[in-house]
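Trainee: Dropping the structure in here first, questions after.
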Amino acid sequence: MKFNISSKVLSQQLSAVSKVISSKNALSILDNFLFSLEGNILTIIGSDQENTMIATLEVMEPEGEGKIAIPAKRLLDMLKEVAGQPLTFYINDENKDIDIRFMNGHFNFMGIDGNEYPMPEESSAEAHRMTLPAGVVRKGLENTLFAVSPETIRPVMTGVYWDICPVGDDGQPQPGITFVASDTHKLVRYINTEVNPEHTTSFIMPPKPANILRGLIGKEEADITIELSDKSATFGLGDFKLSCRFINGKYPNYNRVIPQDNPFELTVDRVSLLTAMRRVGLFASSASSLVRLNIRQGEVLLATQDLDYSISAEERLDCEYSGNAMTIGFNVTYMIEVLNNMAADTVVIKLSDPARPGVFLPQVNLEGEDLLVLLMPMQVMDY
């Protein structure tokens, strides 16, 4: 085989595909990219067995066809040193010798027979196919990924739950898509009703492919094609395809844990509250990370203390509050995460009791969107 290609174009595609390759693969062949040339189309595949990324691009002056596995790290390191140069690949189909020629030199190393590389499964004829705007998927993942659980004891909580075209409480279909994530301390639910999927389905997407997909979308406003089978999904966007297996298990009923009656409302500037939390958080106890909110009409007092080091911090913020005066505690780290991942200028925190969860909402949702974040409280001790 032989073909010419720009090192910049190749490096961009390989950089995207490399994100799916694990640093510790059970199969050594998966430490490689699979290059497959047919006509003037080069297909690049990377995989970790659970997830597979496929990229396609055009090459110039191709000769021959075939496939070969090329060490991923070595190829990426080489491309960094010949950035911006045209490259010519010469691949010996017999002994798998690879010669990459650039302006004033060449690299020579050995590849592996591409037939040894495990190929991704073909899409089933029974797979459901749908198209979603890339922006909807990006927002869904951006709003929820921070809340997935890092604990593998409950695998279903480690992923993002997609609830597509759910059925409402009245039994009538409510076309749309809901993204949910929770680590049992906080829960995020993002609903988009601007889309009208053709199928009713749900699945739990692992965090690794979810992060890869979010990065792949970037600022793209194109459509994503999705093929859904019982155990996996394939997402197509431009020149890329990402396949992933679902997390097995039943996701908990997330609507059941969301309080329906939180009558007290605290309205405050999000950035002001976030920066204040960061400041007082410096003096929070490393054991509990507790921040105490003393809320009354017109103001909220944030207070932290670490008795082990005899340090404390307080900061007062202006706010709008309707309800009874209340003292409630939250984990300051979780509070910062919640506020940092909300885009609204002003947030509304709905409360009912110091022992019940707080519900964080943007003061104004964009049309067709509904974002809700639930945060569990902490016990507040008098000090």
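Trainee: Check LEU302 against each of (1) surrounded by 18 or more Cβ atoms within 10 Å (Cβ to Cβ); (2) part of a strand (DSSP E or B); (3) touching a Phe, Trp or Tyr at 6+ places or on another chain (Cβ under 8 Å) and name the one condition it does not meet.
Mentor: (3)
Trainee: Condition first: closer than 20 Å to ASN115 by Cα, under 22 Å from the mean Cα position of the chain (by Cα) and in contact (Cβ under 8 Å) with a residue 24 or more places away in the chain. Can you find one or more residues in region 62-84 that meet it?
Mentor: no
Trainee: Continuing with this model, one more query. Anything in region 343-354 that is surrounded by 19 or more Cβ atoms within 10 Å (Cβ to Cβ) and either without any contact (Cβ under 8 Å) to a residue 60 or more places away in the chain or in contact with a Lys or Arg (Cβ under 7 Å, 6 or more places away or on another chain) (or both)? List them, or say none.
Mentor: VAL347 - this is the single residue of region 343-354 that is surrounded by 19 or more Cβ atoms within 10 Å (Cβ to Cβ) and either without any contact (Cβ under 8 Å) to a residue 60 or more places away in the chain or in contact with a Lys or Arg (Cβ under 7 Å, 6 or more places away or on another chain) (or both).
Trainee: Surrounded by 19 or more Cβ atoms within 10 Å (Cβ to Cβ), among the aliphatic types (A, V, I, L, M), outside the structural domain of VAL156 (by TED's automatic domain parsing) and part of a strand (DSSP E or B), is that true of VAL280?
Mentor: In short, no.
Trainee: Continuing with this model, one more query. All but one of (1) in contact (Cβ under 8 Å) with a residue 60 or more places away in the chain; (2) of a type in the set (D, E, K, R); (3) not in a helix (DSSP H, G or I) hold for GLU142; which doesn't?
Mentor: Failing condition for GLU142: (3).
Trainee: I've got another one for you. For THR88, work out the one condition from (1) assigned to a strand (DSSP E or B); (2) out of contact with any His (no Cβ under 9 Å at 6 or more places or on another chain) it doesn't fulfil.
Mentor: Checking THR88 against (1) assigned to a strand (DSSP E or B); (2) out of contact with any His (no Cβ under 9 Å at 6 or more places or on another chain), the one that fails is (2).
The values are calculated or read from the model by the stated rules, or taken from the named source; none is laboratory data. None of the values given here were measured: they were computed from a predicted structure. As a convention, Cβ positions derive from the backbone with ideal geometry for all residues, glycine included, and neighbour counts pool all protein chains shown.
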